[in-house]
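The values are calculated or read from the model by the stated rules, or taken from the named source; none is laboratory data. In this text the structure is predicted, and so the values were computed from the model without any measurement. All Cβ positions, even for glycine, are placed from backbone atoms using ideal geometry, and neighbour counts span all protein chains on display. These accessible areas exclude ligands, DNA and RNA; they are computed on the full protein's heavy atoms, side chains included. Shrake-Rupley method; radii C 1.70, N 1.55, O 1.52, S 1.80 Å.
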Amino acid sequence: MRFVRQWLLRIVSFALTALYRGYRAHPAVWRWTATHYHPRMERFARRHAWMTCQFAALDVPAYRDYLRRQGWRFRWFKLESYPETAKDTYVRAYPEELRCWQGELEIAGTVVDESSGSSGTPYNWLRSRRELNSVHKNVAGYTSMVFPRKRLFVINAYSMGAWATGTNTGIAMARIAMVKNTGPDLDKIVDTIRHFGPRFNYLVTAYPPFLKHLRDRLDAEGFDWRRHRLFGFVGGEGMTEALRDYLEERFVKVRSGYGASDLTIGMAGESDLTVWLRRRLLTDDRLRDALLGPDEGRVPMVFQYNPLETYLEINDRDEIVCTINSTAVLAPKLRYNIGDEGRLLGYPALEAVVREDPDAWAECESAFRSEGMRLPLLLLYGRKDSTISYMGANIYPQDVEYGLYQDNPMAGHLEGFCLTIDEYADLESRPVVNLQLRDGAELDDAEREKLSAVCRDGVVGHLARVSRDFAQSLAEDPSTADVQVRVHAFGEGPFARGTSKIKNVYLVTEGKNAA
């Protein structure tokens, strides 16, 4: 019986993977699938996620051992019976080969992506040729639905280093557009647009802050925006609606994508519908209470995703758990907890809530008609592990702590710190290190300024030494060093008792005591 079950699972799983290859065969087929998605497909996707986990339990040595150590027992069609995996509990515990199918690496065609972890420990993520082919087709399908398909010229301004999003974005876009991989080089991008002129629809892929730098640079040079059509596709970190509004004063449209080195790029993307919803949540108390809860003051980023490809769950800690439904994935991602906080919302559920307000429903219908995607929605709040993303680099509290206290003659004045991302009047979002002075510490303005400068130099210096992503971003764009440091008296500012949110600032973590 066990032998029959094993082969049945293998046959069905391979058949489903082949079926998925069919709808990725051409961007037009991808678009048709996205616009004809039905909620019943979610049950099918969940069954497929279960089969993927069970298939891995048979054929992935690391996962088989992991399940044994967790005391797992087989249960038909119970996806929740499989324990969550994570970077610390699973990835660190087993070498790459054991996390692959049959415990074997596919050498030819495999690409290694890198992300820097806490204290600069690099993580390597392996992706096979078949896996990358699927990723590229999905990104191309989404892009062809959201942005113009005719005479599209993609200027890829992502970093071209070991963080493989830049490389993969270029390859994916080449399926549907002409591509130039400039990296985050303003001079090259400006020269390229001026050379080719207004004959094309330009799509610039970049980090959100860099897209603002490009707009400001073109404005300063008297660029004729009326004769050109520029679009923006951003990722790597969140983007506020204020920044989007600023960019769309010049760009025709700016949209965000969601992904992770741990899992895959192109997990989810914004649409006209999700942008409308996010903007409405900023002003519509009734809708915000209905969708987010009466005590939720944060407004998440909103994306649409395809459960047939990327099956998402939300655990009891409001964390996103992901299973990638494909045997093409070299090292399967099985109920993987990436540490992001969010919630899921089906399109019918959104429709039911919005219909209660006729004006809101009219706006919603208009936004939906633009792309017509019936895919479910991911409402993303961001990382729960206190990590913040800036210019494509992750900034960890542990690294900030090293920078604050190592060789700092003024460290004795510090009680603790917390990290925030603050959006300024110029719409630049920059990381902020908030310092809390010890109870009773009294520093005059000059001493506070000195403390701020010493800590800023220490943090930037340490990040440049231990984080390859930060060092590369710093080399490509010196503004990466613009880490703000603010000094607060004990119990004031973000450290005030009971304060969990600051207006226009995204609080990532509570203040920490010195190590």
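Points to keep in mind about this one:
- Among the residues of region 232-251, those identified as open to solvent by less than 30 Å² (accessible area, probe 1.4 Å) and among the aromatic types (F, W, Y) are F233, F251.
- L230 passes every criterion in (1) within 27 Å of the chain's Cα centre (by Cα); (2) over 16 Å from R430 (Cα atoms); (3) in a helix (DSSP H, G or I) apart from (3).
- When G238 is tested against the conditions (1) out of contact with any Phe, Trp or Tyr (no Cβ under 9 Å at 6 or more places or on another chain); (2) within 19 Å of H213 (Cβ to Cβ), the lone failure is (1).
- Restricting region 193-206 to residues that are among the hydrophobic types (A, V, I, L, M, F, W, C) and in a helix (DSSP H, G or I), the residue that is nearest to P478 (Cα to Cα): I193
- The number of residues in region 179-190 being out of contact with any Ser or Thr (no Cβ under 7 Å at 6 or more places or on another chain) and closer than 15 Å to L230 by Cβ comes to 2.
- Selected residue [assigned to a loop (DSSP other than H, G, I, E, B), surrounded by fewer than 19 Cβ atoms within 10 Å (Cβ to Cβ) and not small (G, A, S)] from E351, E356, E313: E356
- Selection count where residues are at pLDDT below 85 and within 28 Å of Q102 (Cα to Cα), scope region 13-58: 13
- Here region 252-291 is the region considered, the condition is being among the β-branched types (V, I, T) and under 30 Å from A86 (Cα atoms), and the residue that is least open to solvent (accessible area, probe 1.4 Å) is T274.
- Elements of the type strands (runs of 3 or more DSSP E) sitting completely within region 108-192 and holding at least 2 residues that are modelled with pLDDT under 90 and surrounded by fewer than 18 Cβ atoms within 10 Å (Cβ to Cβ): these cover 111-116, 122-127.
- Hits in region 346-402 - residues which are among the small types (G, A, S) and under 25 Å from I314 (Cα atoms): G346, A349, A352, G382, S386, S389
- Selected residue (criterion: nearest to D272 (Cα to Cα)) from residues of region 144-193 that are aromatic (F, W, Y) and within 23 Å of the chain's Cα centre (by Cα): F147
- Residue ID - nearest to the chain's Cα centre (by Cα), chosen from residues in region 282-308 that are of a type in the set (K, R) and either on the phi > 0 side of the Ramachandran plot or assigned to a helix (DSSP H, G or I) (or both): R288
- P307 vs. criteria closer than 30 Å to L67 by Cβ and not hydrophobic (A, V, I, L, M, F, W, C): yes
- Among (1) open to solvent by less than 50 Å² (accessible area, probe 1.4 Å); (2) in contact with a Gly (Cβ under 8 Å, 6 or more places away or on another chain); (3) more than 16 Å from V252 (Cα to Cα) - the single one P208 does not satisfy: (3)
- Hits in region 75-92 - residues which are open to solvent by less than 60 Å² (accessible area, probe 1.4 Å) and either part of a loop (DSSP other than H, G, I, E, B) or basic (K, R) (or both): Y82, P83, E84, A86, K87
- Those residues of region 269-281 which are assigned to a loop (DSSP other than H, G, I, E, B) and among the small types (G, A, S), in sequence order: S271
- Any chance Q70 is among the polar types (S, T, N, Q), over 27 Å from the mean Cα position of the chain (by Cα) and over 15 Å from P332 (Cα atoms): yes
- Note on region 265-274: residues that are of a type outside the set (S, T, Y) and under 17 Å from W361 (Cβ atoms) amount to 2.
- Within region 466-488, residues that are closer than 20 Å to E114 by Cα reach no partner that is open to solvent by 20 Å² or more (accessible area, probe 1.4 Å) and β-branched (V, I, T) with beta carbons closer than 7 Å at six or more positions or on different chains.
- Region 181-217, residues that are of a type outside the set (A, V, I, L, M, F, W, C) and within 22 Å of G259 (Cβ to Cβ): N181, T182, G183, P184, T205, Y207, P208, P209, K212
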